[in-house]
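Data first, discussion second: the structure below is written as structure tokens.
The values are calculated or read from the model by the stated rules, or taken from the named source; none is laboratory data. Computed from a predicted model, the values in this text were never measured in an experiment. Cβ placement follows ideal geometry from the backbone for every residue including glycine, while neighbour counts extend to all protein chains displayed.
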Amino acid sequence: MSPRAIFWIPVAVRFALIVAVGLVGWYVFGALAGALLALAVLTLMVLVQLGYMYQLSNWLDNPDDVRLDDGWGSWTDIFAKLYKLRREEQKNRNELAEWLSRFRQAMSQLPDGVVIMDDVLFLEWCNPVAEEHLGLSLRKDKGMRVTNLIRSPEFIDYIILGRYEEPLTLNTGDRKLVLRLIPFENRRQILVSHDVTEFERLDDMRRDFIANASHELRTPLTVINGFLEIAASEPNLDEATRQQHLRLMTEQGRRMQNLVEDMLVLTRLESIDFPVREEVVDMHWLIEQIEEEGRALSSGRHRITAAVNGPDLRGNADELRSAIGNLVSNAVRYTPEGGTIAIEWTNTKAGPRCVVADSGIGIRPEHITRLTERFYRVDKSRSRETQGTGLGLAIVKHVLMRHQAQLEIESDIGKGSRFIIQFPRSAVAPDVG
Ligand code: ADP
């Protein structure tokens with residue numbers, strides 16, 4: 001049956017009933033009584049309809065509190081349909097609320113700031129990262145104009161000029177942000193903020209590194225080229241001068257080699273794709289090797305001692321040898337002839353510890369915090385004289401970071417320095433004996 005028939009047939013039946021009641025009344029009590037009887041039934045029906053309309057109106061005002069009864073006639077169907085509509089609407093609303101909350105959660109997890117504004121830049125919503133980047137507070141600033149909240153002149157110019165295809169780089173005190181405004185849905189705009197501080201810092205560091213490395217390589221190259229030119233233009237140099245030039249060229253060549261080797265070591269240590277290859281490191285053997293190397297470098301000019309009482313370590317032998325070796329080589333290079341160098345390997349409450357102490361020239365306190373920076377030297381000419389590359393302590397720092405160890409430096413100018421490596425307790429190798 002068609003919906004129209006479903007609706008109209010009962011209506012027709014009800015009217016037929018009224019007519020039938022009227023006719024029966026007319027037949028039994030006369031024409032007037034029949035008409036009155038039909039009118040009474042009609043009035044009753046109209047009143048019932050009005051009653052249901054009143055119920056419907058109440059329900060529409062307050063659908064959560066008012067309950068519709070089952071209804072009569074067409075009302076049963078209408079009420080059932082309304083209930084169904086309401087259930088669907090509630091379901092949609094719940095789904096929308098859930099979707100919105102998931103969307104907000106996802107936006108909150110974004111590493112970038114997101115601000116949603118209307119067409120006249122009134123703040124509608126922003127995520128916590130945007131609050132942090134742009135100094136906004138969604139709770140307090142909602143509904144306020146964003147140009148009144150972000151008062152940087154560059155940002156205001158960016159909005160006024162409206163060239164949104166280009167991002168804006170904004171310096172906000174300690175941060176560098178890249179902002180981009182994206183219009184959407186005709187009447188809304190999204191502002192995305194991306195923090196590039198760390199990226200810029202690394203970029204600056206890389207640029208400095210290249211500039212420093214080129215500068216370091218240029219000096220020995222200039223020296224070697226100079227001697228080569230002399231050799232080419234003056235073939236009759238006396239043997240003593242020729243030997244001296246060759247010696248100086250070899251020295252500069254070695255300097256370049258040291259520098260390139262240290263740069264390669266540092267680059268490899270800094271690479272995150274190069275994890276520590278852990279092994280059990282025999283510290284007795286390792287310190288003995290380093291002590292030997294120190295003696296070779298010192299050529300009898302210093303008294304070098306080693307006391308090994310600590311445990312074996314879990315770590316990488318080559319890297320540890322390079323780190324401790326660098327400290328001993330520095331001790332030799334920055335301690336005048338006749339001085340002492342003591343290497344000590346012990347276990348402490350905090351974990352194993354290596355101390356390299358010298359009675360050398362010492363370091364002024366203002367330099368100490370900067371010593372592990374690449375190419376940082378207290379005295380450039382002294383470092384070069386002793387074949388220093390300026391990268392030794394940067395290598396030490398990276399090796400220690402990779403072994404969760406800390407470097408402490410204590411120094412007295414003119415009296416000597418102590419370089420202390422503190423390993424965590426977890427670095428002790430399990431005792432297999
Ligand atoms: P370099 O190759 O110049 O020695 P490092 O990175 O090993 O570079 O050390 C950085 C600087 O720290 C050195 O140039 C030197 O000024 C200072 N330094 C390092 N070790 C010592 C030490 N034991 N005594 C005095 N100064 C030191």
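Quick look at the values:
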| read-out | value |
| --- | --- |
| Test: residue in segment 284-304 that is of a type in the set (A, V, I, L, M, F, W, C), more than 26 Å from residue 386 (Cα to Cα) and at pLDDT 95 or above | yes |
| Qualifying residues in segment 345-369 (those that are among the charged types (D, E, K, R) and within 12 Å of the ligand (Cβ to nearest atom)) - the one modelled with the highest pLDDT | 358 |
| Which numbered condition residue 378 fails, given (1) more than 18 Å from residue 259 (Cβ to Cβ); (2) more than 7 Å from the ligand (Cβ to nearest atom); (3) not polar (S, T, N, Q) | (2) |
| Any hit, segment 151-171, residues being under 30 Å from residue 373 (Cβ atoms) and outside any strand (DSSP E or B) | no |
| Conditions (1) surrounded by 14 or more Cβ atoms within 10 Å (Cβ to Cβ); (2) under 30 Å from residue 197 (Cβ atoms); (3) not aromatic (Phe, Trp, Tyr); (4) not assigned by TED's automatic domain parsing to the domain that holds residue 180: number failed by residue 114 | (4) |
| Residue check, residue 261 under 18 Å from residue 326 (Cα atoms) and without any contact (Cβ under 8 Å) to a residue 12 or more places away in the chain | yes |
| Selection within segment 285-332 - of a type in the set (Val, Ile, Thr) and either part of a helix (DSSP H, G or I) or crowded, with 18+ Cβ neighbours inside 10 Å (or both) | 287, 290, 304, 324, 328, 332 |
| Residue among 187, 247, 163, 255 that is outside the structural domain of residue 383 (by TED's automatic domain parsing) and in contact with a Ser or Thr (Cβ under 9 Å, 6 or more places away or on another chain) | 255 |
| Exclusive hit being within 23 Å of residue 291 (Cα to Cα), more than 7 Å from the ligand (Cβ to nearest atom) and of a type outside the set (Val, Ile, Thr), set 400, 391 | 400 |
| Pairs with Cβ under 9 Å, 6+ apart, first in segment 318-337 and touching a residue at least 40 places away in the same chain (Cβ under 8 Å) and farther than 15 Å from residue 355 by Cβ, second of a type in the set (D, E, K, R) and part of a helix (DSSP H, G or I) | 319/402; 329/293; 333/382; 333/385; 334/382 |
| Any helices (runs of 4 or more DSSP H) falling wholly within segment 355-423 and containing at least 3 residues that are surrounded by fewer than 17 Cβ atoms within 10 Å (Cβ to Cβ) and of a type in the set (Lys, Arg) | 380-385 |
| Flag if residue 26 is closer than 29 Å to residue 89 by Cβ and surrounded by 11 or more Cβ atoms within 10 Å (Cβ to Cβ) | no |
| Selection count where residues are of a type in the set (Phe, Trp, Tyr) and either crowded, with 18+ Cβ neighbours inside 10 Å or within 19 Å of the chain's Cα centre (by Cα) (or both), scope segment 117-134 | 0 |
| Residues that are surrounded by 15 or more Cβ atoms within 10 Å (Cβ to Cβ) and under 21 Å from residue 13 (Cα atoms), drawn from segment 42-75 | 42, 45, 52, 71, 73, 74, 75 |
| Hey, residue 237 among the aliphatic types (A, V, I, L, M), in a loop (DSSP other than H, G, I, E, B) and over 19 Å from residue 402 (Cβ atoms) or not | yes |
| Flag if residue 408 is within 12 Å of the ligand (Cβ to nearest atom), over 18 Å from residue 278 (Cα atoms) and without any contact (Cβ under 8 Å) to a residue 24 or more places away in the chain | no |
| Residue check, residue 302 in contact (Cβ under 8 Å) with a residue 24 or more places away in the chain and either over 28 Å from residue 352 (Cβ atoms) or more than 33 Å from the chain's Cα centre (by Cα) (or both) | yes |
| Members of segment 179-211 that are small (Gly, Ala, Ser) and not in a strand (DSSP E or B) | 211 |
| Failed item, numbered, when residue 372 is tested on (1) within 11 Å of the ligand (Cβ to nearest atom); (2) of a type outside the set (Phe, Trp, Tyr); (3) more than 41 Å from the chain's Cα centre (by Cα) | (3) |
| Residues (surrounded by 16 or more Cβ atoms within 10 Å (Cβ to Cβ) and within 13 Å of residue 180 (Cα to Cα)) located in segment 135-163 | 155, 158, 159 |
